[in-house]
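Enquirer: Please read through the structure below; I'll follow up with questions.
The values are calculated or read from the model by the stated rules, or taken from the named source; none is laboratory data. Remember, predicted model here, so these are calculated numbers, not experimental data. Don't worry about glycine lacking a Cβ; one is built from the backbone with ideal geometry, like all the others, and counts go over all protein chains shown.
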Amino acid sequence: MLAEQGGLASALDAGTSAPGLAADTPGWDGLQRGEAGIHGVPRARRWDTVVTATAPGLVGQAVEFAAVGDGELVGAEGEPPRELRALADAVEQVLATPYRAEAVRKDEATWAVAARRIQVVAQPGLTGSEAELVVRPDGWILNVDGEMTLRDAPAFAAFGQALGPERVVRAWRIVGDLWEVEATAL
C-alpha cells in the first residue's frame, strides 16, 4: 500500500526505476537478474588460519596435532618431532598456542596446515576422552564418555562462568589432565 502511494509499486511493475533510485540498484534477492541472493544461515568459520609449511620427513599423507603451550605438541604419534615442529612453527607465525591443527601433504615436502584456537583447562581425576557438564542453579550433571558420573569437575564448572548460572561445558581430552573446552549458555 505504501509502495503504491509513493509510486514505487507501479515503477517496479513497469520494469523502470522508482523516482530517486538508479535503474541498476542491486536488490537483496537478485531475482530480476538471475543472480544468487542472500539466503540461508552462514557457516561458522572452521579455521582461524591456513598456512603452508615444508616438512619432507613426515611419514603419512595427513596429520593432526594440538599445541598446548611451551612448545609441547600432542598427537601425530610416529611422526618425527622435528618435522612436526616445522608445521607448528608455520602456524605459530600467525596463531598463538593453544590450538588444534590438521595438515595434509600437497607434494613431497609441502604441507597445508589449518589451525583453530582452542581453550584448555587442567581437570585432574577424570578418566575418559569426552566430557559434558551441565550447570544449573540447582546443581550439575557430569557425563564422561556418555556415562553419568558423580565425580566433581571444578575446572569445567568454573569455565564459562561469564555466560551465567546455566551453561553446558563440553570437553575433549588432549593429554593427561589437559582438556580442550568450550561452553554454551543455556
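Enquirer: Quick test for you: out of ARG116, ARG105, pick the one residue that is over 20 Å from GLY71 (Cα atoms), surrounded by 12 or more Cβ atoms within 10 Å (Cβ to Cβ) and either in contact (Cβ under 8 Å) with a residue 12 or more places away in the chain or outside the structural domain of GLY69 (by TED's automatic domain parsing) (or both).
Expert: ARG105
Enquirer: Let me ask another. Looking only at residues that are out of contact with any helix residue (DSSP H, G or I) (no Cβ under 9 Å at 6 or more places or on another chain) and of a type in the set (Gly, Ala, Ser) in the stretch 41-67, which one is nearest to ALA112 (Cα to Cα)?
Expert: Among them, the one singled out is ALA62.
Enquirer: Tell me the helices (runs of 4 or more DSSP H) entirely within the stretch 1-107 that contain at least 3 residues that are modelled with pLDDT of 85 or more and within 23 Å of LEU178 (Cα to Cα).
Expert: Working: elements: 2-5, 8-13, 81-92.
The helices (runs of 4 or more DSSP H) meeting that bar are 81-92.
Enquirer: On to the next question. For the stretch 88-99, does any single residue satisfy the condition of being farther than 19 Å from VAL59 by Cβ, without any contact (Cβ under 8 Å) to a residue 24 or more places away in the chain and surrounded by fewer than 16 Cβ atoms within 10 Å (Cβ to Cβ)?
Expert: Yes; the residues of the stretch 88-99 include at least one that is farther than 19 Å from VAL59 by Cβ, without any contact (Cβ under 8 Å) to a residue 24 or more places away in the chain and surrounded by fewer than 16 Cβ atoms within 10 Å (Cβ to Cβ).
Enquirer: Quick one: in the stretch 108-129, of everything that is in a loop (DSSP other than H, G, I, E, B) and of a type in the set (Ser, Thr, Tyr), which residue is modelled with the highest pLDDT?
Expert: SER129
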